[in-house]
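Trainee: Submitted below is the structure of interest, expressed as structure tokens.
The values are calculated or read from the model by the stated rules, or taken from the named source; none is laboratory data. These numbers come from a predicted model, not from an experiment. Glycine gets a Cβ as well: all are built from the backbone with ideal geometry, and neighbour counts include every protein chain shown.
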Amino acid sequence: MKVSQRGQVPPFEVMQIVEEVARLRAAGHDVISLCVGEPGGGAPSAVNELASRLHGEDADFGYTATAGLQATREALAAHYSRTYGVEVPAKNFVMTTGSSGAFQLAFLAAFDAGDKVALARPGYPAYANILGALGLEVIDIPTGPAQRFQPSVELLEQAWAEHGRFEGLIIASPNNPTGTMFSARELEELSSWCVKHQVRMISDEIYHGIEFVPDRRGHTSWEFTDSSIVVSSFSKYWGMTGWRLGWMIVPDQLLPTVDALASNLALCAPAPAQRAVIAAFEPQSIAEAQRRVEEFARTRELVLAHLDKLGIEQAAPADGAFYLYGKLSEPLLEHFGSAGQFCRAVLDTAFVALTPGGDFDPFEGQHFIRLSFAAGYDRVAQALDRVDTVIRRSLPIS
Ligand SMILES: Cc1ncc(COP(=O)(O)O)c(C=O)c1O
């Protein structure tokens, strides 16, 4: 029987590493996992308390309205007013199964098969993989440290000249794998360019709140244009990856289409999570999330001060999220052959799991590694020493 061509998306290399970590741990090894983008510590305590109370009350967790519970959408609208000073009507919020669920809806609602959508490389691999499965063409915008790994109006103009019209642009600030962010001016310029060229901007804002540089605060694209689609979730800042709750901000023009698609694809987002996250906006929950961000900031400083211990010679300045994306030194690449082989050796001999850059950049990623410092200061400090030992053993002293 037939297997679809469109389903032949590349698997995440990182998931193979995750399996290997589980295998090594089961065999009794103390593995430090710096490979996945998952903050430890779980949801804010008020969210957990509300969830247990709701479950204890035998609450009715039937389907919600497709776009989500009114109270949750109103809480999000208030959050946007407080955080960004932008008034987004509750009707424009659509609750989704993580931001991952929002991508399918956004791409299906905004684009037709065969349309072109631009995105920066390196980037979160699901964008290109989902676009590919839906029959859309990816317009690749290569970026490097000189562009701080982010697209700019200049790069969009170049892509437009080279590939002709494209219908969409996907951006992420902070970005995964690099953590770099746009300034307000840069985001405004990109937004205006998209409006002028009638290009639908999809802004992935999932790492908002995890920010380290005062003049690179997270800005939502809705501060600049209400024709963009915002995608975000409770996974990262609130540490709620497995709750599978995200949201979109949908322009008026697309609301009926998104609602019809969502009612066919998912019926609704998880009801218990929609009810419990109302507590995520309480001051105590925000304070808990902020304490985690302070720990990320301390760990980020540690990593940036010890790039040599990771064999990294060129790295992006992570303004937010909890990643470091860096290029391995030439001697290391020569010795190991690729970032993939380096990560393999580090996992096998030092029990530290890093991610090779191939998932994020199929062309140049084999020279880069991504480290997630969400594991916490002490574990990351230990990992740095372990990786350093592997490097010293592998390279002759110069
Ligand atoms: C940039 C980016 N967007 C979206 C997601 C998906 O997250 P979720 O579906 O948990 O909201 C991730 C997960 O790591 C991510 O890094």
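Trainee: Looking at Ala67, Ala43, which one is assigned to a loop (DSSP other than H, G, I, E, B), among the small types (Gly, Ala, Ser) and more than 30 Å from Thr257 (Cα to Cα)?
Mentor: Ala43
Trainee: Which residue, of Ser233, Ser263, Ser227, Ser192, is of a type outside the set (Lys, Arg), within 29 Å of Gly358 (Cα to Cα) and either out of contact with any strand residue (DSSP E or B) (no Cβ under 6 Å at 6 or more places or on another chain) or within 16 Å of the ligand (Cβ to nearest atom) (or both)?
Mentor: The unique qualifying residue is Ser233.
Trainee: Being touching a strand residue (DSSP E or B) at 6+ places or on another chain (Cβ under 7 Å) and surrounded by 16 or more Cβ atoms within 10 Å (Cβ to Cβ): is that true of Val387 here?
Mentor: Yes; evaluated as a whole, the condition is true for this residue.
Trainee: Do you know which of the residues in the range 127-148 that are at pLDDT 95 or above and more than 23 Å from Val3 (Cβ to Cβ) is surrounded by the fewest Cβ atoms within 10 Å (Cβ to Cβ)?
Mentor: Top of the filtered list is Pro142.
Trainee: Continuing with the same structure: Would you call Pro44 crowded, with 22+ Cβ neighbours inside 10 Å and out of contact with any strand residue (DSSP E or B) (no Cβ under 8 Å at 6 or more places or on another chain)?
Mentor: It is true that Pro44 is crowded, with 22+ Cβ neighbours inside 10 Å and out of contact with any strand residue (DSSP E or B) (no Cβ under 8 Å at 6 or more places or on another chain).
Trainee: Being in contact with a Lys or Arg (Cβ under 8 Å, 6 or more places away or on another chain), in contact (Cβ under 8 Å) with a residue 60 or more places away in the chain and within 16 Å of the ligand (Cβ to nearest atom) is the requirement here; does Ala353 meet it?
Mentor: no
Trainee: Do you know which residues across the range 360-379 are assigned to a helix (DSSP H, G or I) and surrounded by fewer than 24 Cβ atoms within 10 Å (Cβ to Cβ)?
Mentor: Correct list: Gln366, His367, Ala375, Tyr377, Asp378, Arg379.
Trainee: Quick one: which residue in Ser263, Ser191 is part of a helix (DSSP H, G or I), in contact with a Ser or Thr (Cβ under 9 Å, 6 or more places away or on another chain) and surrounded by fewer than 22 Cβ atoms within 10 Å (Cβ to Cβ)?
Mentor: Answer to the check: Ser263.
Trainee: Can you tell me which residues in the range 236-260 are away from the ligand (no atom under 11 Å from the Cβ), touching a helix residue (DSSP H, G or I) at 6+ places or on another chain (Cβ under 6 Å) and either more than 19 Å from Phe281 (Cα to Cα) or of a type in the set (D, E, K, R) (or both)?
Mentor: Passing the criteria: Val250, Leu254, Thr257, Val258.
Trainee: Output the residue which, of all residues in the range 16-29 that are out of contact with any Phe, Trp or Tyr (no Cβ under 6 Å at 6 or more places or on another chain) and assigned to a loop (DSSP other than H, G, I, E, B), is nearest to the ligand (Cβ to nearest atom).
Mentor: Filtering first and then ranking leaves Ala27.
Trainee: Hey, another quick one. For the range 76-177, give me every one of the strands (runs of 3 or more DSSP E) that falls completely inside it and has 3 or more residues that are away from the ligand (no atom under 16 Å from the Cβ) and under 23 Å from the mean Cα position of the chain (by Cα).
Mentor: 137-142
Trainee: Checking Met248 against (1) more than 29 Å from Arg217 (Cα to Cα); (2) crowded, with 21+ Cβ neighbours inside 10 Å, which single condition isn't satisfied?
Mentor: Just one mismatch for Met248, condition (1).
Trainee: Against the definition (among the basic types (Lys, Arg) and closer than 28 Å to Pro177 by Cβ), how does Lys196 come out, yes or no?
Mentor: No: the conditions fail for Lys196.
Trainee: OK, next. Determine which member of the set Thr83, Thr66 is surrounded by fewer than 18 Cβ atoms within 10 Å (Cβ to Cβ), more than 14 Å from Arg275 (Cβ to Cβ) and outside the structural domain of Val21 (by TED's automatic domain parsing).
Mentor: Within the list Thr83, Thr66, the selection yields Thr83.
Trainee: Something else about it: Looking only at the range 203-240, filter to residues that are modelled with pLDDT under 95 and either not assigned by TED's automatic domain parsing to the domain that holds Tyr84 or not in a loop (DSSP other than H, G, I, E, B) (or both); which one of those is surrounded by the most Cβ atoms within 10 Å (Cβ to Cβ)?
Mentor: Arg216
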